[in-house]
Each structure stands twice: as C-alpha cells, then as structure tokens.
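What follows is a set of notes on a single structure, which appears directly below.
The values are calculated or read from the model by the stated rules, or taken from the named source; none is laboratory data. Just so it is clear, the structure is predicted and the values come from calculations on it, not from any experiment. Every residue, glycine among them, receives a Cβ derived from its backbone with ideal geometry; neighbour counts consider all protein chains shown. All accessible areas refer to the heavy atoms of the entire protein, side chains included, with ligands and DNA or RNA removed. Shrake-Rupley method; radii C 1.70, N 1.55, O 1.52, S 1.80 Å.
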Amino acid sequence: MSESSVQARPEPRAADAKPGMVINCAAYHGGRRVADIDLDQARKVDTSDGRFVWIGLHEPDEPLLRTVQQCFGLHDLAIEDALRAHQRPKLEIYGDSLFIVLRTASLRDAKIRCGETHIFAGRGYVVTVRHGSTTAYKELRGLCEGAPKMLAMGEGFVVYSILDFIVDKYFPILQELETEVDALEDSVFARGSERPNVERIYDLRHELLLLRRAVQPLQEVCNRMMRFDVPLIDQVMHPYFRDVQDHVIRLVESIDNLRDLLAAALEAHLLLSSVEQNNIIKIFSVAAVVLMPPTLVASIYGMNFKSMPELEWAHGYYMALVLMMIVAVLPYLFFKWKKWL
C-alpha cells in the first residue's frame, strides 16, 4: 500500500458513530466525575495528575473502534478481538496497556445467555466494550462514583470494579440453578408418580458447563493481575483482585459440585429404574412358574379321551381343583423359603 493511499484515507470521527453505541463518556479526577465529554474531546483531556476518562461502548462498529484506537494508541490485535467478539476470557498486555476479555452471563427461560465485555485500560483511560447479553454498567458507574476515595485509586480500581461486578452477577444464576438441581434430586427418590426430567438433567449439565467456561479462566486473569510485571495495577490493588479470585474459586467449586450432583442423580435414577424393571420381571416370572403346574393339570384333564383315569370318578373334578391349588402353592412357598420374593 502506497504512502499516498494511506494519507488519503479519511480519519474516522466519533460523530459518525451510530446512536446507542457510545453509552457513556466521562472524565474523572481525584475520585470525582468532573465532566461529561464526547469521544472527540476525550483525546484532548489532560491525563496527568491522576486524571482519566472512562468510556462505555455497546457493540461498536469498526469506524468507532478505530476512532478509540487513535485516541489512546490501542493495539491492532486488541481492536480486532473487540470487533469480532466471541473470545475466551483472557488478559493480554500490550506495552503499557491491558486488554481484558470477560464473559458475562444471564439466565432467561432457564437458559444461560452469554455476552462479552472487553476492557482497554492504560494510564489516563478505561474503555469498556459490551457485546451480546450483558448488563449495563450504569449501576456500576454509580457505585464507583459513590466511593470517591476508592475511585481516586484510578484506572486500576475501575478495572477491579468491572471484574468484581461481573463475577458477582454469576452468584444469583448459580443459586437458581442450585434450587432446580435440588428439586430434581428430590424427584429421583420420590415414591409418587412424578419422575425426574432426564432431558432437563442433561440441559442443566450443559448450562453449568457454559457457566464454568465463563468463570474458570478468571482464576488465571486475577492471578496475573497480582503480578508485579503487569502495568497499571498498583500493589495496593492486589488484595482486591485476590478477593475476586477467591469468589471465582468458590464459583468453580460450586459449579463442579452441582455437576457431580446431577451426574449422581442421573445415575441413581437409572439404577432405580433398573431395580423397578427387575422387580416387575421377577413378579411376572414367579407368576408364570406358579401358574404353569395348574395349567398343566387343566390341560391334561381337558383332553378329549374316553379312557382316562378318574374321568368317570364322582370326585374327580374336586380332586383336580385341589391338585392344581397344591401345585400352585408349592412353588410360591419354595420361592419364599429361598427369599426370592
């Protein structure tokens, strides 16, 4: 590509962004929100003395991301990931800036809907990019602004707050799934006509697997945040990321426990069903054995022969009934003695 063609390319402007893609853009200093600005003004903000801008974007297009890239010197690979989305949770370091991918989750119609949040962070800026099913960060921004002493820690505290906010949103989802798992587990051992929904057990295991894929990589993200070679994150923030890591570990353990419970419930259901089928087969087998001798006696005395013993005997009919009853009771008593019934 020639130099003239590069120079001829028009510079992207924030004013060309579609409505709804720029959710919020504000400047902060000393832990307080000092001004609401637009993207064109963001590049002119003095970011010295702890000042920074916090920009929130929702499913931006490429021109808008390129504008943000020019404002803060973001890496091309990070911009490409933020544009395409569908990334795994991770932390990438590009020079003095961080690029973090987080998976968000929500429970709708008993299904987990996943989204993504991408965070660009460096000295003087924090940019969040939301994709898919995600919760708006207006509530989070209000919580941060309500704690000016903590917000004065700068960009590192904003990154921690976003990570902590997303992790906290996993707990209500897990609690709802745990309630349903308990109900399914109880139905396995219920003696009524209600039987567990095996298809739902498989669906729940799949939903828990999706949630685990979103949560488990955050252990490594938090662990890297607490390393001394990570830019932007001061040592004073390490205990906060350690707390988030502890929450993530609890979530992963709870998810694994629920998946184990579902596997055990499914196995117990299959075993109980097999036992019930064996009992039914055993009853039919005993009934067949018990009824076979009387059927044999009745068949013999039902044959059309003139010269048969006891055929002309006056008590032959009663003798045949007694004989059939005896040969039917004897196998039953034998089965009870052998404890097969």
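Taking residues in the stretch 104-131 that are over 29 Å from Y28 (Cβ atoms), and partners anywhere that are surrounded by 20 or more Cβ atoms within 10 Å (Cβ to Cβ) and hydroxyl-bearing (S, T, Y), the pairs with Cβ atoms closer than 7 Å and at least 6 places apart or on different chains are C114/T104.
Listed here are the residues, each with its yes/no results for (1) surrounded by fewer than 17 Cβ atoms within 10 Å (Cβ to Cβ); (2) in contact with a strand residue (DSSP E or B) (Cβ under 8 Å, 6 or more places away or on another chain).
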residue	(1), (2)
V167	no, no
Q175	yes, no
V198	yes, no
L204	no, no
M225	no, yes
P231	yes, yes
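Condition (residue is of a type outside the set (K, R), open to solvent by less than 30 Å² (accessible area, probe 1.4 Å) and assigned to a strand (DSSP E or B)) applied to the stretch 75-86: is it met by at least one residue? The answer is no, given that none of the residues of the stretch 75-86 is of a type outside the set (K, R), open to solvent by less than 30 Å² (accessible area, probe 1.4 Å) and assigned to a strand (DSSP E or B).
Conditions (1) modelled with pLDDT of 90 or more; (2) in contact with a Pro (Cβ under 9 Å, 6 or more places away or on another chain), marked per residue:
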residue: P217; (1), (2): yes, yes
residue: F228; (1), (2): no, no
residue: R250; (1), (2): yes, no
residue: L272; (1), (2): no, no
residue: S307; (1), (2): no, no
residue: Y317; (1), (2): no, no
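The condition of being assigned to a helix (DSSP H, G or I) and aliphatic (A, V, I, L, M) holds for only one of L210, L232, that being L210. Evaluating L65 against the criteria (1) touching a Phe, Trp or Tyr at 6+ places or on another chain (Cβ under 9 Å); (2) buried (at least 21 other Cβ atoms within 10 Å of the Cβ) leaves one unmet condition, (1).
Taking the conditions exactly as written (of a type outside the set (D, E, K, R), in contact with a Ser or Thr (Cβ under 7 Å, 6 or more places away or on another chain) and either open to solvent by less than 60 Å² (accessible area, probe 1.4 Å) or touching a residue at least 24 places away in the same chain (Cβ under 8 Å) (or both)), does F99 satisfy them or not?
no
Can you confirm whether R113 is under 29 Å from I255 (Cα atoms), of a type outside the set (V, I, T), in a strand (DSSP E or B) and under 18 Å from the mean Cα position of the chain (by Cα)? In short, yes.
Residue check: L163 meets all listed conditions (1) modelled with pLDDT under 90; (2) open to solvent by less than 10 Å² (accessible area, probe 1.4 Å); (3) not aromatic (F, W, Y) but one, namely (1). Going through the stretch 105-150 one residue at a time, which ones are open to solvent by 10 Å² or more (accessible area, probe 1.4 Å) and of a type in the set (A, V, I, L, M, F, W, C)? The answer is A105, L107, A110, I112, C114, A136, L143, A147, M150.
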